[in-house]
1. Show me the ranking of peptides 91-101, 114-124, 171-181 by mean Cβ neighbours inside 10 Å, starting with the highest.
2. Quick one: Debye curve from the alpha-carbon atoms of segment 8-201 only, equal weights, vacuum; give me log10 I(q)/I(0) at q = 0.15, 0.18, 0.19, 0.20 Å⁻¹ to two decimals.
3. Placing +1 on the Cβ of each Lys and Arg and -1 on the Cβ of each Asp and Glu in the chain, which of 157, 38, 75 has its Cα farthest towards the positive end of the resulting dipole?
4. Counting only the heavy atoms of the protein chains, how much of residue 40 is accessible to a 1.4 Å probe, in Å² to the nearest 10?
5. Taking the Cα centre of each part, how many Å lie between segment 41-82 and segment 113-131?
6. Net charge around residue 197, counting only other residues with Cβ within less than 13 Å of its Cβ (Lys, Arg = +1; Asp, Glu = -1)?
7. Solvent-accessible area per residue for segment 8-201 at a 1.4 Å probe radius, Å²?
8. Work through the residues other than residue 56 whose Cβ is under 10 Å from its Cβ and net out their charges, Lys, Arg +1 and Asp, Glu -1.
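The values are calculated or read from the model by the stated rules, or taken from the named source; none is laboratory data. Just so we're clear, the structure is a prediction, and the values are computed from it rather than from any experiment. Because the Cβ atoms are built from the backbone with ideal geometry, glycine has one as well, and the counts that use them run over all protein chains shown. Just so you know, the surface numbers come from the protein's heavy atoms only, side chains and all, with ligands and any DNA or RNA stripped out. Shrake-Rupley method; radii C 1.70, N 1.55, O 1.52, S 1.80 Å.
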Amino acid sequence: MVKYTFTKKDFDVFNIDGLAPRMEALIDTTRPKLEALGEHFSAYLSEQTDETFYPHVAKHLRRKTNPPNDTWVAFATNKRGYKMLPHFQIGLFGSHAFVLFGVIYESPDKERMAKKWKKQIKTIQALGDEYIIKGDHMKENYDFIKDIKKKDIEAYIDRLINVKKGELMFGKVFFPGDAALKSDKAFIHEIEKTYFELLPLYQ
């Protein structure tokens, strides 16, 4: 039985019409994997950073009509929440899974992280060809870092500071059928590798 890896059944959850039916499928199919990933990677990140990380599995409680288009588990050093802090995420849309690190618009740390990342442009550019950058965690679109210029990365960082809803995330995406999603062992290894390589942007 697959404990961690997202399968076709997980991606197909987002094809189910209606809030209640989709949530029922999500809770039965995908949430147990998010909880397992949460347990594993809160321990992994705590070990790597000497800080205590806590998992936060999305519950989608505020939704009253529209079903969720994605779901996730986030990791932060606050037991009560993650949105106000730089944090890590693992989750999926109907089209792809994602493994990310960054800050979202609710965070008061946006300016501090932007200043840090402006000094780390070369570190960001040196991430592998498969790494992405995105400015809105709620949307599926992103850019591969290898395909954009230094000025484009700087524009992403500037938007984080200058736009109230500005966000900035770095990481990887995985599509159904990708090697990383073939087994629990492969998925865990790929996420650990991704987070290890993103840690300089956090620490």
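1. Those peptides, ordered most packed to least, come out 91-101, 171-181, 114-124.
2. The Debye formula, applied to the Cα set alone, gives -0.93, -1.34, -1.47, -1.59.
3. In the chain, that residue is 157.
4. The value for residue 40 is about 60 Å².
5. Between the Cα centre of segment 41-82 and that of segment 113-131, the gap is 23 Å.
6. -2
7. Values: 9750 Å² over 194 residues.
Ligands and nucleic acids excluded, the figure is 50 Å² per residue.
8. +4
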